[in-house]
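Scroll down for the structure; my scribbles are underneath it.
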Amino acid sequence: MKPTRHPTSANGTAPGSIRRRTLLAATAAAATLAPFGAAQAQAYPSRPITLIVPWPAGGSTDRHHRLLAELASKHLGQNVIVENRPGAGGTLGPGGMALTAKPDGYTIAQFPMGMLRIPHMQKTQWHPLNDFTFIMGVSGYTFGFVVRSDSPYKTFQDYVAAARKEPGKIDYGSTGIGTSPHLLMEEVAEAAKIQLNHVPFKGNADQMQALIGGHVMAASDATGWDKFVDAGQMRLLLTFGDKRTKRWPDVPTAKDLGYGVVSTSPYGLVGPKGMDPAVVKTIHDAFKKAMDDPRHAEVMAQLNQEVWYRTGDEYRAWATETFAKDKQLIEKLGLAAK
């Protein structure tokens, strides 16, 4: 028998050899690229991360997030840089991020409850649910109502009585239209059947200075007033929790006084829509470790705040429910967009 002869290519190489070489080359290329792709995924973060705090520096939210950023940086291996972008009742910073930032994990923001309320009150270019990636729930505020220590209003009832005598002339400041401190007082005013003059500010820091300077009679805000109350510069007349605070147990709640207004206004961290789940997990895990740090517990105690931890999915579900529910509140108070 004659030996079997295999056809050859133009260069004298058998087709089977060509196929084997091609397969080997492809396998080698895949082996080379796989570690490279994995390295790319594992490289995050490779530069500092910006955390947008939509309130002025020095307020309670800023104090909280600066510590969280410092603690999370240790676990991320990159600095988390706080950038204050106040305005529009706390919606300017996160709203602007949603419109302009890349979903690469290098820009995230605090997400205050105003984000779920302002869209019911006016047209916004962003949607509070569709344009964000929800990373985690973090905490909630202790809200209170303060006056200067030399104010004629010794109790909250004194303040209400003054408003009844002079409708629309007794004022108070808040951190902006549509924020929790604003809406809480509007709810109280409706329950007490009084008309107040609301003065909006960009945030806690400028509002506190305005109160100390005598530019407003009172202020509704989170615990950025704590140091002023403890120093004897301000008097705390009311808080808005479900029960009295551990730090100021003698101060009544709005609930104690029969107004039935309770809120802690939970907040958390978000990024632009479309973030890689692996990147979200990296950020989440670093900030969760920061929240578990003893130093974080100390700041929570100073601000009289409770931890309100939620996973990203739990936070989104809560936001979806709250967005629908708060539409009814906005309409009830007559603040809905016409």
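Some observations on this one:
- Members of the range 59-117 found to be more than 15 Å from the chain's Cα centre (by Cα) and outside any helix (DSSP H, G or I), listed by number: 77, 78, 79, 80, 81, 101, 102, 103, 104, 105, 106
- Selection within the range 261-272 - touching an Asp or Glu at 6+ places or on another chain (Cβ under 8 Å), touching a residue at least 60 places away in the same chain (Cβ under 8 Å) and more than 11 Å from residue 135 (Cα to Cα): 261, 264
- Scanning the range 256-272 for residues that are surrounded by 17 or more Cβ atoms within 10 Å (Cβ to Cβ) and over 30 Å from residue 51 (Cα atoms) yields a total of 3.
- A single member of 230, 292 is out of contact with any Gly (no Cβ under 6 Å at 6 or more places or on another chain), free of Cβ contacts under 8 Å to residues at least 40 places away in the same chain, over 21 Å from residue 183 (Cα atoms) and not assigned by TED's automatic domain parsing to the domain that holds residue 155, and it is 292.
- Residue match in the range 297-311 (condition: of a type in the set (A, V, I, L, M, F, W, C), within 18 Å of residue 179 (Cα to Cα) and buried (at least 18 other Cβ atoms within 10 Å of the Cβ)): no
- Qualifying residue in the range 101-108 (condition: in contact with a Pro (Cβ under 6 Å, 6 or more places away or on another chain) and of a type in the set (A, V, I, L, M)): yes
- Meets criteria (assigned to a helix (DSSP H, G or I), at pLDDT 95 or above, in contact with a helix residue (DSSP H, G or I) (Cβ under 6 Å, 6 or more places away or on another chain) and crowded, with 19+ Cβ neighbours inside 10 Å) for residue 146: no
- A single entry from 268, 241, 260, 224 fulfils the requirement of being modelled with pLDDT under 95, of a type in the set (Gly, Ala, Ser) and in contact with a strand residue (DSSP E or B) (Cβ under 8 Å, 6 or more places away or on another chain): 241.
- Number of the exception - residue 153 against (1) in a loop (DSSP other than H, G, I, E, B); (2) farther than 18 Å from residue 216 by Cβ; (3) at pLDDT 95 or above: (2)
- Residue check for residue 136: assigned by TED's automatic domain parsing to the domain that holds residue 79, at pLDDT 95 or above and buried (at least 17 other Cβ atoms within 10 Å of the Cβ): yes
- Close pairs (9 angstrom Cβ cut-off, 6 or more residues apart or separate chains): closer than 25 Å to residue 281 by Cβ in the range 85-107, surrounded by fewer than 17 Cβ atoms within 10 Å (Cβ to Cβ) and of a type in the set (Lys, Arg) anywhere: 98/273; 103/273; 106/47
- Selected residue (criterion: nearest to the chain's Cα centre (by Cα)) from residues of the range 312-332 that are more than 27 Å from residue 292 (Cβ to Cβ) and surrounded by 15 or more Cβ atoms within 10 Å (Cβ to Cβ): 323
- Restricting attention to the range 156-188 and to residues that are within 13 Å of residue 219 (Cβ to Cβ) and hydroxyl-bearing (Ser, Thr, Tyr), the residue that is surrounded by the most Cβ atoms within 10 Å (Cβ to Cβ) turns out to be 175.
- Residue that is surrounded by the most Cβ atoms within 10 Å (Cβ to Cβ), among those in the range 189-222 that are touching a Gly at 6+ places or on another chain (Cβ under 8 Å) and among the β-branched types (Val, Ile, Thr): 216
- Subset of the range 39-58 that is modelled with pLDDT of 95 or more and not in a loop (DSSP other than H, G, I, E, B) - its residue that is nearest to residue 112 (Cα to Cα): 53
- Some residue of the range 311-325 being assigned by TED's automatic domain parsing to the domain that holds residue 97, in a strand (DSSP E or B) and closer than 27 Å to residue 93 by Cβ: yes
The values are calculated or read from the model by the stated rules, or taken from the named source; none is laboratory data. As the structure is a computational prediction, the values presented were derived from the model and not from experiment. When we count neighbours, we look across all protein chains shown, and the Cβ atoms used for this are built from the backbone with ideal geometry, even at glycine.
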